[in-house]
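The values are calculated or read from the model by the stated rules, or taken from the named source; none is laboratory data. None of the values given here were measured: they were computed from a predicted structure. All Cβ positions, glycine included, derive from the backbone under ideal geometry; neighbour counts span all protein chains shown.
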Amino acid sequence: MSWEELKAHFAKFPQDGIHSIPRPDRRGSLILGRAGDLAFSRITDRYLRELGVSGLDFDSHEFRNDLKEEFIEWVRQERDINETTLREFLQAAEARNRASHMALTHCIPCSVDFPEQPGEFEVGMVKFQLMKTFLAANEERIRKRAEHREALQVAANTRASAETRNAQAAPDMLFDELKVFFPTFRWVASVSIPKCDSSISKQRAERAVQAALDLLKLFLMARFTAGMRHARRLGRPANRTDLTQDAEGEFHISWSRKSEDAHVEPNWYGMITRQYAPYWQIAVQILQTPAGPSAKGKLAQRFLDGLAWYGDAVSEQSEAGKLVKFVAALERISITQGESSGGNKLSRRAAMQACEGPEESFRKYLAACVNIYAGRSNLMHGALSPLDRRVPKLCADAEHVSRRALLRFLTLARAAPAQGNADEEWLREQFARLDGHFPRV
């Protein structure tokens, strides 16, 4: 394609210019075009799906880049990619990408205002530790980490002037930033993730820590835990300054401070591990399963999904948003795949899981669940304003019901078949069995 033809093409298809592939001689890049890049993406997605569970260890963007690199390598070696060699080519790209996978332990600061005893505790595969204890034990090793030693060595070996070498070697900006950021949190969560792509490892670590925090929200109740979060999630500002102006034009400043941390009782850990022992043990067992998405059984994953909706609802600032998320938690643990999520079915199953047992209790919870579902539906379909005075009461009821239902759902998870991968039919059978114990209303 001549230069004039290339300019005309980019004038018509400007997006093609941002899609490239390395040159075989490694001197820059060649324009690949959007269609070519999409072809590599389709090959990537199809191959990773074929790998099954192990394909989830790969980041599709990074795999696509390594697929391009392997393609260029085959071009340089003048090797053909055909029906006979395609599998070898894809496996070579897989091996190229897998070589960068590593097992990592992620240390994530958390906003949790627990008492200092116990000074460390575990929730599933996540270990929580006081930040001051963690830094005291690890600060020197962090300062002397390998990547900084390598940077110092590069600076020492350069031919630049002594002043330049000193400027390169002296500062450790990353460590300085960590020293400022980490101590703003009282606790740090550590979780070890098996070998996978580093970006996937980070996602899995964040999900594991968030699941642990969400479990604490469930057992410690919403009003104590709304500010509980890890550092990579946005929180509410601790300091707040408001500015108003009266009718005469005079400005007024008000200032307030509110900790974003969660507040719990001094005996909180003993309370949940003893008072809720059966539920706690099942929940922790679920969280101890490796963090890969398909490593857990289907009921366990349903619980974790419902727990994520519940935890998100607890920290949601909008009452209407809370209501939507609490009901989403109920739907995830009550409606099986292929079923319609009608209000009657959801309300009845949620009430069965939330009630204490007697008929009177069931009727009370069923009435509450019908109102909750109707409120959520009216809210979502425009019949109810998010500012309606009824929304806070519906939200409070939804929090109470979803909390009780999630705890009761843990008993279903415990009763699941021994292989731990109960299917949708088994769950429907359990709901049908429960249904027979309650009156038709």
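Among helices (runs of 4 or more DSSP H) lying entirely in segment 1-109, which contain 3 or more residues that are more than 30 Å from PHE181 (Cβ to Cβ) and at pLDDT below 95?
Because the criterion is at least 3 residues that are more than 30 Å from PHE181 (Cβ to Cβ) and at pLDDT below 95, the helices (runs of 4 or more DSSP H) in segment 1-109 that meet it are 3-12, 34-50, 60-76.
So that you can scan it fast, the table gives a plain yes or no per residue for (1) surrounded by 12 or more Cβ atoms within 10 Å (Cβ to Cβ); (2) in contact (Cβ under 8 Å) with a residue 40 or more places away in the chain; (3) in contact with a Pro (Cβ under 7 Å, 6 or more places away or on another chain); (4) more than 30 Å from ILE272 (Cα to Cα):
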residue	(1), (2), (3), (4)
LEU51	yes, yes, no, yes
VAL75	yes, yes, yes, yes
PHE89	yes, no, no, yes
MET102	yes, yes, no, yes
VAL123	yes, yes, no, no
LYS127	yes, yes, no, no
ALA136	no, no, no, no
If ASP59 passes every condition in (1) out of contact with any Ser or Thr (no Cβ under 7 Å at 6 or more places or on another chain); (2) outside the structural domain of ARG207 (by TED's automatic domain parsing); (3) of a type outside the set (S, T, N, Q) but one, which one does it miss?
(1)
Every pair of residues 6+ apart whose Cβ atoms lie under 7 Å, when the first sits in segment 1-17 and is in contact (Cβ under 8 Å) with a residue 24 or more places away in the chain while the second is assigned to a helix (DSSP H, G or I) and of a type in the set (S, T, N, Q):
none
Exactly one of (1) within 15 Å of ALA313 (Cβ to Cβ); (2) touching a residue at least 12 places away in the same chain (Cβ under 8 Å) is unmet by ALA396. Its number?
(2)
Looking only at segment 176-201, count every residue that is within 18 Å of the chain's Cα centre (by Cα), over 11 Å from PHE134 (Cβ atoms) and of a type in the set (A, V, I, L, M, F, W, C) and tell me the total.
4
Among the residues of segment 26-38, how many are over 14 Å from ASN65 (Cβ atoms) and out of contact with any Lys or Arg (no Cβ under 8 Å at 6 or more places or on another chain)?
8
Residue check for SER199: surrounded by fewer than 17 Cβ atoms within 10 Å (Cβ to Cβ), of a type in the set (Ser, Thr, Tyr), in a helix (DSSP H, G or I) and modelled with pLDDT of 90 or more:
yes
Among the residues of segment 407-428, is any within 17 Å of LYS325 (Cα to Cα) and either in the same structural domain as LEU220 (by TED's automatic domain parsing) or of a type in the set (S, T, N, Q) (or both)?
no
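May I ask you to say which residue of LEU174, LEU243, LEU178 is modelled with pLDDT of 70 or more, farther than 28 Å from GLY55 by Cβ and crowded, with 16+ Cβ neighbours inside 10 Å? It would help to see each step written out before you state the result.
Numbers: LEU174 fails: crowded, with 16+ Cβ neighbours inside 10 Å; LEU243 fails: crowded, with 16+ Cβ neighbours inside 10 Å.
One residue alone meets the criteria, LEU178.
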